[in-house]
């Protein structure tokens, strides 16, 4: 969270890596194709591939790239074998301090990106605020914490991170009207209190149903995107075939 290498990631690249950490922490080794991850994060498949290449180069993941089976419509998705810092307690404390973020709340924020309520930089700002909340309130035992605007800009690598705090406050409310947090806006610092997060689906029937609905929607959108991509590739191959088969008539002398 505080390394210079990670800070330089684009907002979408940060969301990609946090998503891998969350999934590996929950499931262990897992399969996921780039297009489905792109749908989940509300971005393009090219951005997911770019992010995957970056973390591969850094050695932060171990994966087996997906591939297409000869003569088959479906292929094999990328297999994620290992993701750094997904299980920090098992790594002998090498990660140093770490913050536990509520998984369903993180997934709910990604849903807001897909719905265009938030942009990736908004969610990046929120995840960093969660990190600071966990770190500076003794894991939620204290009622409030503050961060200077300069610190928040530096940590997130977003010049407008303080302004995005208001977007987070205004555009997300829980049932009953509570917000993600309360914030006192000072000239140089932001003070946060009444930190909230989503009720876990295992404990809340409404969120359980919403979670299932969101997962079905991701699957549906991914299938539609794959069908559209396949149709586009088929049309491209057909067009290429017509070009190769074109007859050029060559006239001889006197004709």
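FYI, it's all coordinate maths here, none of it is from the lab. Small disclaimer: the values here were computed from a predicted structure and weren't measured. No Cβ is skipped: glycine too gets one built from the backbone with ideal geometry, and neighbour counts run over all protein chains shown.
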Practice item. In a Gaussian network model over the chain where Cα atoms closer than 10 Å are linked, find which of 158, 58, 119 has the largest mean-square fluctuation. Key: 58
Point to revise | Virtual paramagnetic centre 7 Å along Cα→Cβ of residue 150, amide N under 20 Å, in segment 1-45 | key: 2-4
Practice item. Order these peptides, 8-16, 60-68, by their mean beta-carbon neighbour count within 10 angstrom, highest first. Key: 8-16, 60-68
Review point. In bins 10 Å wide, starting from 0, what share of all Cα pairs of segment 100-162 does each bin hold, as a percent?
Key: 22, 46, 31, 2
Study note, to complete from the structure: For 201-213, 39-51, ranked highest to lowest by mean beta-carbon neighbours within 10 Å, the order is 39-51, 201-213
Practice item. With a 10 Å radius around each residue's Cβ, average the other Cβ atoms per peptide and rank 125-132, 216-223, highest first. Key: 125-132, 216-223
Check your understanding: Pairing the Cα long axis of helix 205-244 with the longest principal axis of the chain, what angle in degrees results, from 0 to 90 and rounded to the nearest 10?
Key -> 30 degrees
Exercise for review: Compute the relative contact order of the chain as a whole-number percentage, counting only Cα pairs closer than 8 Å that sit 6 or more residues apart in sequence.
Suggested key: 16 percent
Check your understanding: Say each of residue 228 and residue 137 gets a label point 7 Å from the Cα, pointing the same way as Cα to Cβ; how far apart are those two points in nm?
Key -> 3.9 nm
Check your understanding: How large is Rg over Rh for segment 99-224, taking Rg from the Cα atoms and Rh as the Kirkwood inverse mean of 1/r across Cα pairs?
Key -> 0.99
Check your understanding: Per residue of the chain, what 222 nm ellipticity follows from adding -39500 (n - 2.57) for every DSSP H run with n ≥ 4, rounded to the nearest 500?
Key -> -16500 deg cm²/dmol
Point to revise | 0 to 90° range, to nearest 10: angle between helix 11-27 axis and the chain longest Cα axis | key: 80 degrees
Review point. With the chain treated as a Gaussian network of Cα nodes joined by springs under 10 Å, which of 200, 160, 138 yields the largest mean-square fluctuation?
Key: 138
Review point. How big is Rg to Rh over the chain, alpha-carbon atoms, Rh as the Kirkwood inverse-mean-distance radius?
Key: 1.11
**Study point:** Cα Rg over Rh - segment 1-121, Kirkwood
**Key:** 0.97
Check your understanding: What is segment 1-146's relative contact order, in percent, from Cα pairs under 8 angstrom and six or more apart in sequence?
Key -> 23 percent
**Study point:** Cα long-axis angle, helix 103-114 against the chain (0 to 90 degrees, to the nearest 10)
**Key:** 50 degrees
